[in-house]
1. What list of ³J(HN,Hα) couplings, whole Hz, do you get for the range 131-138 from phi and the Karplus terms 6.51, -1.76, 1.60, once you set θ to phi - 60° and write x for glycine and proline?
2. Taking the 0 to 90 degree range and rounding to the nearest ten, how far is the long axis of helix 171-199 tilted relative to the main principal axis of the chain, both from C-alpha atoms?
3. Under the rule a/c < 1.5 gives rounded, and otherwise a/b versus b/c splits prolate from oblate, where does the range 420-511 land using the Cα gyration tensor?
4. For the chain, state what percent of all Cα-Cα pairs lands in each successive 20 Å bin, counting from 0 Å until the bin that includes the largest distance.
5. Angle check, please: helix 313-347 long axis (alpha carbons) against the longest principal axis of the chain (alpha carbons), in degrees 0 to 90, nearest 10.
6. With the contact rule set at Cα under 8 Å and sequence spacing of 6 or more, what percent relative contact order holds for the range 398-502?
7. Estimate the FRET efficiency between residue 133 and residue 510 by the formula 1/(1 + (r/R0)^6), using the beta-carbon distance for r and 41 Å for R0, to the nearest 0.05.
8. Shape verdict for the range 304-366, please, from the Cα gyration tensor: rounded (a/c under 1.5), prolate (a/b greater than b/c) or oblate.
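The values are calculated or read from the model by the stated rules, or taken from the named source; none is laboratory data. Quick caveat, the model's predicted, so the values are computed rather than measured. Note that we place each Cβ from the backbone using ideal geometry, even for glycine, and neighbour counts take in every protein chain shown. The protein model used for the area step is the full one, side chains on, heavy atoms only, and it has no ligands, DNA or RNA in it. Shrake-Rupley method; radii C 1.70, N 1.55, O 1.52, S 1.80 Å.
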Amino acid sequence: MSDRYSDHDRNEDMKVLHGMGYAQELQRNLSRFSNFAISFSIICILSGGINSLAQATSGAGGVGIGIGWLVGCFVSLVFAVAMSQISSAYPTAGGLYHWGSILGNRGTGWVTAWLNLLGLVTVLGAINVGTWTFFMGTFGAALGIENTMTTQMIFLAVITGGQALINHMGIKLTARLTDFSGWLIFAGSILIAIVCLAAADSWDFSRLVTFKNYSGDAGGNVWPAVSNGWVFALGLLLPIYTITGYDASAHTSEETLNAARSVPRAMVMSVIWSALFGYLFLASFVLMIPDMDQAAAQGWNVFFWAFDARVNGAVKWFVYLVVFLAQLLCGLATVTSASRMIFAFARDGGLPGSKSLSRVSPTYRTPVAAIWTAAVLSVLFVWGSSLVSVAGTSAYTIVVSCTVIFLFISFTLPITLGLLAWGTPKWEKMGPWDLGRGVFTLFAVLSILSMVLIFVIGIQPPNQWALYITVGFFILTAIVWFAFEKHRFQGPPIGDIITKRQSLIHAAEQAVGETK
């Protein structure tokens, strides 16, 4: 524990948590950097920035990175700034669910929780599938591994199980590895930038502002043939979908020292540093590309094609190893985030088996059942959805295309509710991280506008199924809520319930060995 974390700080953290009706069951051990590193690791520009690179290079070309990356990163920053204000006032595990309930009502909190939970579990599966794809593109052939459904599922089961086991064994071990991951992403980005700039024939910076429409056959059919405006807009999905997951800082609030100050800062800075270092290595990669037209035609294989063409063998393999390790740790941090969301929602009775899912191990001080549930569900999602096709398209592809939309809606709901609740008894004052009401209002409005942009772009071909899934989700949740959950689910404790819980809080803390 940090020497700067005094008994007064500890008491203040617990006072805030107790004031919201919850016990300090999880172990509060994360420094500000560790909280930052978990979000930074989930964002993992060495994962999404590489595995989804073709969304830009096979879309609008160099300008998709040179300008599109910056525009998309600003969109993500808008959400992070708005959420940081709320996270400072309400620093709890499963923050988004809690915010949606306190700033709105039980119903809005319940919907927010399901949106965020489904998004996190399916994104965990997608991240580890991306790691498998990268592994096969780099080491698979050399190791004689065939790319079959069976080998993929074995790979996913092994790495997801490993990620869950590390999380099971305590936040200290997880934090050490995600701290390392944070530094690895910084170093890996610089390494790729240096390698690319050294391998480039020349540094033609005009590439970064040169637009060319590569949609359709010219871009390997990454995007269907669309107009110039649409192809640039679709390319924004690269930075927007890469730079998400920073809500992990909020989900680990109850394990973070000085959470009301550390969490919001970590959330915002994880986006800023991801944006800057992502731009550094992606812009350098564009400068290294032998020919933009040929690169666009490679489609999803563009990263490996360019490195094969330009980079020395030993250096190339070392870069691949660094990226692969960063992607593994990305999945590790995502298990942390998803499990804390499950734990928080179950703690208030929001899930089947809530009593077990909200139980914290006295030995490891982690929500063990929630951790393994997140891991198992993510693997089952990949396996089950890969077996089903809709109109010739894999259900896995269809679901993944809309899960990030779910995540951003789960961001937007509490932000919108906060905009409406500020100044009322639901939210009377800002937390210690206070940028001012004017700044929050501005970024809340920008978040709502950005959500509209993301939704419109996100449901365009080839992701048109995302529209039907999103509409279907809201119809289904409305039916379930009004028919069942409205009469059963109580939501987070409020008012007199918090006062009555104090004796239970003390007993829960004693059960896991938490001492004042």
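1. The phi angles translate into 5, 4, 4, 5, 4, 5, x, 10 Hz.
2. With both axes taken from Cα atoms, the answer is about 20 degrees.
3. Values: a/c = 2.63, a/b = 1.36, b/c = 1.93.
Oblate shape, in that a/c is at least 1.5 and b/c is the bigger or equal ratio.
4. Reading upward from the zero bin: 24, 57, 18, 1.
5. 30 degrees
6. Over the range 398-502, the number comes to 38 percent.
7. Numbers: r = 47 Å, r/R0 = 1.15.
According to the calculation, E is roughly 0.30.
8. Working: a/c = 7.42, a/b = 3.42, b/c = 2.17.
In terms of gyration-tensor shape, prolate.
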